[in-house]
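These notes are about the structure you will find just below.
The values are calculated or read from the model by the stated rules, or taken from the named source; none is laboratory data. Remember, it's a predicted structure, so these values are computed and weren't measured experimentally. Note that each Cβ is placed from the backbone with ideal geometry, even for glycine, and that neighbours are counted across all protein chains shown. Accessible surface is based on the protein model in full, side chains and every heavy atom, while ligands, DNA and RNA are left aside. Shrake-Rupley method; radii C 1.70, N 1.55, O 1.52, S 1.80 Å.
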Amino acid sequence: MPASRISFLSLALLASSAPATAANLSRIGISVGALDNPFYQALARGAVQAAHRLNPAVRVTSQSANFTLEQQQEQLRRLIAQKVDLILLGAVDSRAVAPLVRQARAAGITVVAVDVDAADVDGTVKSDNRQAGEIVCRYLAQRLNGRGTLVVQGGPPITSVSDRAAGCHAALAAFPRIHAVDDGINAQGSSLGGQRAMQQALLRWPDLAAVFAINDRQALGAEKALRAAGRKQALIGSVDGSPDIERALKLSGQIVASASQSPYLIGREAVKLGARLRDGDATTRQVTVPVGLVTRDNLSRYQGWQAAMPSAAQP
């Protein structure tokens, strides 16, 4: 399905969803991958502002799991003990959090997954991650004139990562002369992880022509490794549309595209969905937020992570 159709359907869903109410929403807990990441900062900001619109007296606790399962599990235990009404969960491991999700729901707490899927939650709000992988890898393949080795750089064991990789491979199926390979490495969503993974990829595929990194931070690290190795012609595409990638696209570097997310909107819609679910309205349990492709060609039209919707479209 074309990217424009995906965006239209997602926008229609968001516009037509029933208005949320306060639903005795007095305490909200947020646990996400890393609050030093501007993505999660924008997500938490969207959630907090939406919560205060529903109930000005609401108390919101935002916590950073630092992509560590044990730390997130402890955070969930504390939130359950505090008897919060709603948990927004950016899972660091989509399956391993399931026992505590079930424990929270048994205690009467509504759990909404944000950014990535998580087992046994009440609802989910996330970007169209498969479409993100599709539009970036299609763009890379077109820039390569349909031939060359493209490395798909791995990341944390979460569904957003696997969905992006799957979307990438789906798009590349239309380019039989593109040799798509997975590096099989968890680069941890970080710049250092992306740099180390890229160094290993260069040993295995020294003739690589392009890299699809699962997020912008890894892309920045991959670029460092490619430059250090003298591979300045290889192209890099990623997912997020972060402020860092905006700066990178203003320069003449190797990063050429990123699929933009709307973390502010994800946080906002997650609170609204949680309130509806607590009101007994389960007509919608999943909200998919559209993505757009950001390149040097349309960067001037891109409004960034604070925008209510991705403002850049596929050129």
ask   = Which is farthest toward the positive dipole end of the chain among Ile135, Asn145, Ala42, measuring Cα position about the Cα centre, with Cβ charges +1 (Lys, Arg) and -1 (Asp, Glu)?
value = Asn145
inquiry  = For a quick check, take a GNM of the chain with Cα springs below 10 Å and name the residue from Ser26, Ser258, Ser160 with the largest mean-square fluctuation.
reply    = Ser26
inquiry  = Between Pro56, Pro156, Pro290, where does the largest GNM mean-square fluctuation fall for the chain, given springs only between Cα atoms within less than 10 Å?
reply    = Pro56
remark   = Most fluctuating of Lys232, Lys224, Lys126 in the GNM of the chain (C-alpha, under 10 Å) is Lys232
ask   = Setting aside same-chain residues fewer than 8 positions from Lys126, which lysines have a Cα under 24 Å from its Cα?
value = Lys272
task = Read phi for every residue in the range 218-223 and hand back ³J(HN,Hα) as whole Hz from Karplus 6.51 cos²θ - 1.76 cosθ + 1.60, θ = phi - 60°, with x for Gly and Pro.
result = 5, 4, 5, x, 4, 5
key: Descending Cα extents along the principal axes, the range 210-275, whole Å   = 52, 20, 14
The range 169-295: radius of gyration over Cα atoms, expressed as a fraction of 2.2 N^0.38 Å = 1.28
message = Considering just Cα atoms, how many Å³ per residue does the convex hull of the chain enclose?
response = 115 Å³
key: Cα-based shape type of the range 153-230, given that a ≥ b ≥ c are square roots of the gyration tensor eigenvalues and the cut on a/c is 1.5   = oblate
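Taking the Cβ of Pro243 as the center, what net charge do the other residues with Cβ under 15 Å away carry, scoring Lys and Arg +1 and Asp and Glu -1? Please list the in-between numbers first.
Working: positive: Arg45, Arg217, Arg247, Lys250; negative: Asp36, Asp216, Asp240, Asp244, Glu246.
Spelling it out: positives minus negatives among the neighbours equals -1.
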Hits among lysines - C-alpha to C-alpha of Lys250 under 22 Å, sequence gap 8 or more where chains match = Lys224, Lys232
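Show Arg278, Arg78 ordered by accessible area, largest first, where the area counts protein heavy atoms only and the probe is 1.4 Å.
I get Arg78, Arg278, largest accessible area first.
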note = For the pair Arg285 and Asn24, the simple spin-label estimate (label points 7 Å beyond Cα toward Cβ) gives in nm 2.2 nm
